[in-house]
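Worksheet for the structure shown next.
The values are calculated or read from the model by the stated rules, or taken from the named source; none is laboratory data. These numbers were taken from a predicted model, which means no experiment stands behind them. Note: ideal-geometry Cβ built from the backbone for every residue, glycine included; neighbour counts use all protein chains shown.
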Amino acid sequence: MKAKRFEDLNIYKQARELTHDIYGITKSSGFQNDFYLINQIRKSAVSIMSNIAEGFERKGDKEFAQFLFIAKGSCGELRAQMDIALDQSYVNETLYKNTRSKCEKTSSMISNLIKYLREHKE
């Protein structure tokens, strides 16, 4: 069954959960004075969700795949920013690993959807 709305996509739901987690993490006291990193890490998470939504709304598989590549890039950005958060002791090892794992899962889901779109062209 083909999704009729981007909100129905599992990948969008995963990205939304990840974004929710990132907002919670960046509200913690560890981040309190690093406004630049807070802004960057939130932008990366929001970019993942936004590009999935925008690409879906374009209604063409080729264009959707292009937006998914951007979302995948934002996943990489987010992982790098979590490295910074760990290195600066803004997050503990457990939170870091859990968040990285969600980022990697999201990235993998995006890759799988790109592959599907390429194999099932319009």
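Of the residues that sit in segment 3-20 and are under 11 Å from the mean Cα position of the chain (by Cα) and touching a residue at least 24 places away in the same chain (Cβ under 8 Å), which one is surrounded by the most Cβ atoms within 10 Å (Cβ to Cβ)?
Looking at residues that are under 11 Å from the mean Cα position of the chain (by Cα) and touching a residue at least 24 places away in the same chain (Cβ under 8 Å), I get Ala15.
Only one of (1) closer than 28 Å to Asn33 by Cβ; (2) among the polar types (S, T, N, Q); (3) in contact (Cβ under 8 Å) with a residue 24 or more places away in the chain fails for Thr94. Which number is that?
All conditions pass for Thr94, except number (3).
Is it true that Asn112 is over 12 Å from the mean Cα position of the chain (by Cα), at pLDDT 95 or above, surrounded by fewer than 17 Cβ atoms within 10 Å (Cβ to Cβ) and closer than 18 Å to Ile41 by Cβ?
So Asn112 does not fit the description; no.
Residue by residue, here is whether (1) farther than 19 Å from Ser28 by Cβ; (2) basic (Lys, Arg); (3) modelled with pLDDT under 95 holds:
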position: Asn51; (1), (2), (3): yes, no, no
position: Gly60; (1), (2), (3): yes, no, yes
position: Glu63; (1), (2), (3): yes, no, yes
position: Phe69; (1), (2), (3): yes, no, no
position: Gly73; (1), (2), (3): yes, no, no
position: Gly76; (1), (2), (3): yes, no, no
position: Met82; (1), (2), (3): no, no, no
position: Asp87; (1), (2), (3): no, no, no
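Quick check, is Ala53 among the hydrophobic types (A, V, I, L, M, F, W, C) and within 16 Å of Arg16 (Cα to Cα)?
Criteria met by Ala53.
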